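The values are calculated or read from the model by the stated rules, or taken from the named source; none is laboratory data. On a predicted model such as this, the values are computed, not experimentally measured, just so you know. All Cβ positions, even for glycine, are placed from backbone atoms using ideal geometry, and neighbour counts span all protein chains on display. Calculation scope for accessible area: heavy atoms of the full protein, side chains included, ligands and nucleic acids excluded. Shrake-Rupley method; radii C 1.70, N 1.55, O 1.52, S 1.80 Å.
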Amino acid sequence: MRILIVEDETGLAEAVAAILKKERYSTDIANDGQTGLEYALTDDYDCILLDIMLPKMNGLDVLSCLRVKGIETPVILLTAKSEIEDKINGLDCGADDYLTKPFSTGELLARIRAATRRKGIPADINPKYGDIVLDIKKGEMICGTNSVVLGRKEFQMMELLISNAGNVVTKDKFVIKIWGYDDDSEYNNVEVYVSFLRKKLAMLNSRIQIKTRRGIGYCLDGAR
Ligand code: CA
């Protein structure tokens, strides 16, 4: 799961990102409306947390623009108590929900789960492929009675491979979804992490293999 946080209060944005990372979500932060819109238009997110009062472009304009362009990513508006009018406008513009600041961690996570579930994005169902299951709560990959703990990035890569089972996941997609846009120095790490995952699949005696499609990316094989 990848979540975009569009919020100009950097302290709040970073605190939210830290909470979400702990829950194994990937996050990107945009500190103004225009950047938020640019990121959101890539359609690479499962949920967007969108502040209303933002520099360069306000949240409601960002939201309208996204919906006009056909981006249906669930959007949860972050509003101050005084912005009741904005909340109503926001829901009219196509927001899925809103959170009034300050909000608790539990409320934030519950709203994200609800918003993504409504759009049919499975948030807390353990992904399965062939003989392996990913345990989201424990961060483990399980095969029969064997299990192994995956690092956060390993887990996200495996999740991405499973959700795209039958298709090739490009290297670019891994980089965008897992490392985000800020860091291009980690491009080659995709290969390194794939090799970690291959070792762990072998350790589990799984029949699943990560195949290389040279010059394109990776895909899972061995479900049958
Ligand atoms: Ca703000």
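Give me the log10 of I(q) over I(0) for the stretch 44-181 at q = 0.09, 0.17, 0.19, 0.22 Å⁻¹, as the Debye formula computes it from C-alpha points; what are the numbers? With no solvent term, the Cα-only Debye profile gives -0.36, -1.02, -1.15, -1.32. Going toward the positive end of the dipole of the chain, with +1 on Lys and Arg Cβ and -1 on Asp and Glu Cβ, which of VAL6, ILE48, ASN31 do you reach last? Highest projection toward the positive end goes to ILE48.
Normalised per residue, the accessible area of the chain is 49 Å², obtained with a 1.4 Å probe and no contribution from ligands, DNA or RNA.
Assigning unit charges at the beta carbon (Lys, Arg +1; Asp, Glu -1) and nothing else, what dipole magnitude in debye, to the nearest 20, does the stretch 97-151 show about its Cα centre? Before the final figure, lay out each step's value.
Numbers: 9 positive and 6 negative charges, 58 e Å.
Rounded to the nearest 20 debye, it is 280 debye.
Near the amide H of VAL75, within less than 5 Å, lie the amide hydrogens of ILE48, ASP96, ASP97, all on another chain or at least 5 residues away, with H placed in the peptide plane.
Can you give the helix-only mean residue ellipticity at 222 nm for the chain, where every DSSP H stretch with n ≥ 4 adds -39500 (n - 2.57) and the sum goes over all residues, rounded to the nearest 500 deg cm²/dmol? If you can, show how the numbers build up before the last one.
Values: 8 runs with 86 residues, N = 224.
Only helices count here, giving -11500 deg cm²/dmol.
Viscosity 1.002 mPa s, temperature 20 °C: what is the translational diffusion coefficient of the stretch 58-104 from Stokes-Einstein with a Kirkwood Rh over Cα pairs, rounded to a whole number of µm²/s? In µm²/s, the coefficient rounds to 199. Between LEU77, ASN89, VAL149, the Cα set farthest toward the positive side of the dipole of the chain (charges on each charged residue's Cβ, about the Cα centre) is that of VAL149.
The charge dipole of the stretch 40-85, taken about the Cα centre with unit charges on the Cβ atoms of Lys, Arg (+1) and Asp, Glu (-1), comes to about 140 debye, rounded to the nearest 20. When the Cα convex hull of the stretch 17-101 is projected onto planes of every orientation, the mean area is 5.2 nm². Spin-label pair THR10-ALA80: with each label point 7 Å from Cα along the Cα-Cβ axis, the two points sit 2.0 nm from one another. Take the cross-link list LYS153/LYS200; LYS128/LYS200; LYS69/LYS119; LYS177/LYS200; LYS69/LYS101; LYS119/LYS211 and give me the ones stretching past 19 Å between alpha-carbons. Where the Cα-Cα span goes over 19 Å, the pairs concerned are LYS177/LYS200; LYS69/LYS101; LYS119/LYS211. With all protein chains in place and a 1.4 Å probe, the accessible surface of the chain carries 49 percent carbon and sulfur.
Please work out how much length the chain gains when fully extended from ASN164 to ARG113, using 0.36 nm per residue of separation minus the C-alpha to C-alpha distance, in nm with one decimal.
Details: separation 51, 0.36 × 51 = 18.36 nm, distance 2.07 nm.
Answer, rounded to one decimal: 16.3 nm.
The 3J(HN,Hα) values that the Karplus relation (6.51, -1.76, 1.60; θ = phi - 60°) gives for the stretch 58-73 are, in residue order, 7, x, 5, 5, 4, 4, 4, 4, 4, 5, 4, 7, x, 7, 9, 3 Hz. Gly and Pro appear as x. Here the chain is assigned +1 on the Cβ of each Lys and Arg and -1 on the Cβ of each Asp and Glu. Its dipole about the Cα centre then comes out at about 1380 debye.
Selection among MET203, VAL192, GLY215 by position relative to the dipole of the stretch 185-224 gives MET203 as farthest towards the positive end (Cβ unit charges, Cα centre). Here the extension length gained between ALA18 and GLN34 equals 3.5 nm, from 0.36 nm per residue of separation less the Cα-Cα distance. Given a Förster distance of 41 Å, report the FRET efficiency between VAL68 and ILE125 from their Cβ-Cβ distance, rounded to the nearest 0.05. After rounding, the FRET efficiency stands at 0.85.
Packing order of peptides 126-135, 46-55, highest average first: 46-55, 126-135 (average count of other Cβ atoms within 10 Å over each peptide's residues).
Restricting attention to the chain, close to 50% of DSSP beta bridges with both partner residues there are antiparallel.
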